[in-house]
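Colleague: Before I ask anything, here is the structure I am working with.
The values are calculated or read from the model by the stated rules, or taken from the named source; none is laboratory data. What you are looking at is a predicted structure, and each value in this text was computed from that prediction instead of being measured. We place every Cβ from the backbone using ideal geometry, glycine too, and count neighbours over all the protein chains shown. Calculation scope for accessible area: heavy atoms of the full protein, side chains included, ligands and nucleic acids excluded. Shrake-Rupley method; radii C 1.70, N 1.55, O 1.52, S 1.80 Å.
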Amino acid sequence: MLMGLAIWSVISGLTPLVRHVDNPLLWLTVARVALGLAQSCAAPAASAASAQWVPAEKRGRAMSILYGCFNAGSVLSMALTPIFATELGWPSAFRSFAIVGLIWAAVGWKIVPARDYSKKAPAGAVSQEQSPNSNSKAAELSQELQAAGKASTSSVDAVSSHILGAAQGAYSSNAKPRKQEEVIERNWPQILLLCWTHGVIGWGFFIFGTWIPTYLDYLGVTNLKTAGFLSALPWAATATAAVLAGLLADKLQTGLGWSTVRVRRVMQSAATLGPALALVPVALGKDQVSVPLAVACLTGTLALQAFCYAGFHAYLQDVASADAGKLLGLTNSASTSVGIIGNLITGQLAGMHHGYSIMFAITAMLYFGSFCTWNLFMKGAPVRL
């Protein structure tokens, strides 16, 4: 990930040079594609590192803080880029962010410990070398709970979380079928659900990340600095809400005894149903939406979507700790593909009468559809690639 950061920072710093070459549009496209390829490692690497280093009961907080910082970067870029562009010229924005990226990559290279695969996991740590009997013990414990019939729903949920964790560990190391195709075939329904869920997240992220400034201009916000400030507000709310969602998720799990699956289900439900409802005013308002109402709706949408970091993203590590990086790479590809399609569709709609309202309505329906599928088909079962 740090290597990727260094590479995409160099690409960003060199991007302004395209204005000095023949066919600058072609070379700008090449630079942006190269930037995207370099950045593609970030999310899978972060997910794999979190799955290895962070205990399950703290993943909600860890992922929320991680992505909160990610969105804080969006806030800074949207707030600072107009200032750089008006005061120092637009190339200064690319160069400034490139310098910061290279410095941070160097710092990270020094302070982030490299994992030593030759050493065994410390005693008591979660590893892939769990006892072969952990699955049978978990099953025996489940049978005892059913026979007793006296445990409360919350207690059963809490124990079920531990059963799932034990079964996952045993499954990841000892329950390897003879044919890898059998594993993939058995996991495909859950993998498709994760790809669909991440696809909807990507649709919202790409749409709002790209089109908020243009939408504000459509509503009459023409001052560049004002547009930058208003465009940054939703992402500031996202960064704040992400951290709060992570703290809430961990509190529900460790403080109130909620099962891991229950916490992930509730967090992701908030991240889908909440944005669907928040978009209703701008979807129905057509051209009568005021700038304050539009900004409030967009801010609420992105703040509520931030709950996905304690929902979907933490859940992916819960059910696929051994393959978290690979699985997030797969779902992130689906997310990016859907986001690109969303941008193309929005580009066509933006020139139409009430086009933005149509786009918001489509986005709200996608969020609601994701809410339904998540609650109907999310199983909490281990997933392997």
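Colleague: Give a residue-ordered list of calculated ³J(HN,Hα) values for region 339-344 (Karplus: 6.51 cos²θ - 1.76 cosθ + 1.60, θ = phi - 60°; whole Hz; x for Gly, Pro).
Modeller: 3J(HN,Hα) across region 339-344, in whole Hz: x, 5, 4, x, 5, 5.
Colleague: Based on C-alpha coordinates, I'd like the Rg and Dmax of region 215-296, in Å.
Modeller: Looking at region 215-296, its Cα Rg and Dmax stand at 16.9, 51 Å.
Colleague: Based on the Cα coordinates of region 291-334, what is the per residue volume of their convex hull in Å³?
Modeller: Numbers: hull volume 2.8 nm³, N = 44.
It comes to 65 Å³ per residue, whole-number rounded.
Colleague: May I ask you to compute the full-extension gain from VAL291 to LYS225, defined as 0.36 nm times their residue separation minus their alpha-carbon distance, rounded to one decimal in nm?
Modeller: Details: separation 66, 0.36 × 66 = 23.76 nm, distance 1.52 nm.
Taking VAL291 through LYS225 to full extension adds about 22.2 nm, to one decimal.
Colleague: Determine the share of region 273-381's accessible area contributed by carbon and sulfur atoms, expressed in whole percent, with a 1.4 angstrom probe. Intermediate values should be presented prior to the final figure.
Modeller: Values: 3040 of 4130 Å².
Carbon plus sulfur share of accessible area: 74 percent.
Colleague: Where the centre of each part is set by its Cα atoms, how far does region 295-311 sit from region 234-264, in angstrom?
Modeller: First find each Cα centre; the distance between them is then 13 Å.
Colleague: Kindly provide the Kirkwood hydrodynamic radius of region 215-263 in Å, to one decimal, from all pairs of distinct alpha carbon atoms. Spell out each step's value before the answer.
Modeller: Working: mean 1/r = 0.0756 Å⁻¹.
The answer is 13.2 Å.
Colleague: As a quick test, which of the pairs LYS225/LYS286; LYS58/LYS286; LYS58/LYS110 have an alpha carbon distance above 31 angstrom in this structure?
Modeller: Numbers: LYS225/LYS286 25 Å; LYS58/LYS286 43 Å; LYS58/LYS110 25 Å.
Where the Cα-Cα span goes over 31 Å, the pairs concerned are LYS58/LYS286.
Colleague: Rg/Rh for region 186-226: what does it come to with C-alpha atoms and Rh from Kirkwood?
Modeller: We get a ratio of 1.35 for region 186-226.
Colleague: Between LEU102 and LYS326, how many nm apart are label points set 7 Å from Cα along the C-beta direction?
Modeller: 3.6 nm
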